[in-house]
1. Which of LYS198/LYS225; LYS38/LYS225; LYS104/LYS152 have a Cα-Cα distance over 30 Å?
2. Nearest 10 degrees, 0 to 90: what angle lies between the long axis of helix 11-24 and the longest principal axis of the chain (Cα atoms)?
3. Between exposed GluC sites (Glu not before Pro) in the chain, where DSSP calls loop and at most 13 other Cβ atoms lie within 10 Å, what's the longest gap?
4. What angle, in degrees between 0 and 90 and rounded to the nearest 10, separates the Cα long axis of helix 104-117 from the longest principal axis of the Cα atoms of the chain?
5. Using amide H atoms built 1.01 Å from N in the peptide plane, name the residues 5+ places from MET216, or on other chains, whose amide H lies under 5 Å from its own.
6. Could you name the aspartates and glutamates in cross-link range of LYS22, using Cα to Cα under 14 Å and dropping any fewer than eight places away on the same chain?
7. Leaving ligands, DNA and RNA out of it, report the carbon-plus-sulfur percent of the accessible area of the chain at a 1.4 Å probe.
8. Per-residue HN-Hα couplings for region 53-58, Karplus 6.51 cos²θ - 1.76 cosθ + 1.60 at θ = phi - 60°, whole Hz, x for Gly and Pro?
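The values are calculated or read from the model by the stated rules, or taken from the named source; none is laboratory data. These figures come from a predicted structure and were not determined experimentally. Heads up, the Cβs are rebuilt from the backbone with ideal geometry, glycines too, and the neighbour counts pull from every protein chain shown. To get the accessible areas, we keep the full protein, side chains included, count just its heavy atoms, and leave off ligands, DNA and RNA. Shrake-Rupley method; radii C 1.70, N 1.55, O 1.52, S 1.80 Å.
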Amino acid sequence: MLKVLVIEDEHLAARRLIRLLKEIEPEIQILATLDSVKTSVEWLEGNQADLIFLDIHLADGNSFSIFDQIRVTTPVIFSTAYDQYAIRAFKVNSVDYLLKPIEKEELAQSIAKFKEARKPAADLNLTALAETLLGKARPVYQKRFMVTTGEKIKSVPVEEVAYFFGQQKYVFLITRDNRRHIIDSTLSQLEETLDPAKFYRINRQFIIAYDAIVNMVAYSKSRVKVELDPPSDIEAIVSIEKSKSFKDWLNG
């Protein structure tokens with residue numbers, strides 16, 4: 001029986017992955033489903049899986065920081081929305097990957113590859129992999145977003161975006177002139193395609209542009225309330241987990 005750990009902060013993506021895994025391997029055992037670096041490190045300190053499915057961007061940071069905090073010998077299959085040039089870095093370093101959205105056939109091939117190789121992650125240079133993916137690969141950030149207004153289709157340059165926010169099952173793009181558009185992306189996907197120097201995900205609902213920040217106010221429990229331009233109907237409050245990294249981002 002294959003014992004699997006799923007680390008994915010997008011709950012719908014995690015549920016879909018688990019469903020596909022059980023279709024491919026009916027006897028598979030999902031040991032846990034985690035959504036952050038912190039909970040992953042805590043789990044791995046006292047537990048062991050046969051295989052880990054690991055999303056690159058988690059709720060509290062980049063998943064490569066897991067390997068900075070704890071020695072992981074379990075084989076890892078990464079999932080990512082990076083462009084194909086960056087994806088090739090995984091193959092060079094002998095770590096398999098799944099490009100989002102995950103397809104069943106590709107997932108089955110990854111599992112087959114794992115069974116054939118059974119290569120411990122300890123044999124892999126994960127530091128080199130991180131450098132290759134996040135440095136040398138130089139990911140190309142999204143420059144435009146296609147939106148529809150009635151029957152019209154237009155392209156919004158990223159420079160015109162003030163922030164994104166999720167509400168129920170929709171994700172909205174808000175432009176600097178206060179126009180609202182529904183886009184076909186999740187906030188997790190946007191995190192991977194936006195320039196992190198210009199955009200930051202302050203909580204589960206908001207990704208904001210640095211230039212859209214008008215004012216910041218101290219809030220309860222060390223949180224920060226962000227006032228945006230254009231104003232948001234929903235309060236933009238930096239979560240407790242994000243407070244420190246948000247301040248680091250401001251200092252960057």
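1. Where the Cα-Cα span goes over 30 Å, the pairs concerned are LYS104/LYS152.
2. Orientation of helix 11-24: about 30 degrees from the principal axis.
3. My reading of the result: 152-234 is the longest stretch.
4. It is inclined by approximately 40 degrees.
5. Hits under the 5 Å cutoff: GLU227.
6. Within the straight-line limit of under 14 Å, LYS22 reaches these aspartates and glutamates: GLU103, GLU105.
7. Solvent-exposed carbon and sulfur of the chain make up 49 percent of the total.
8. Once θ is set to phi - 60°, the couplings for region 53-58 become 9, 10, 6, 6, 9, 10 Hz.
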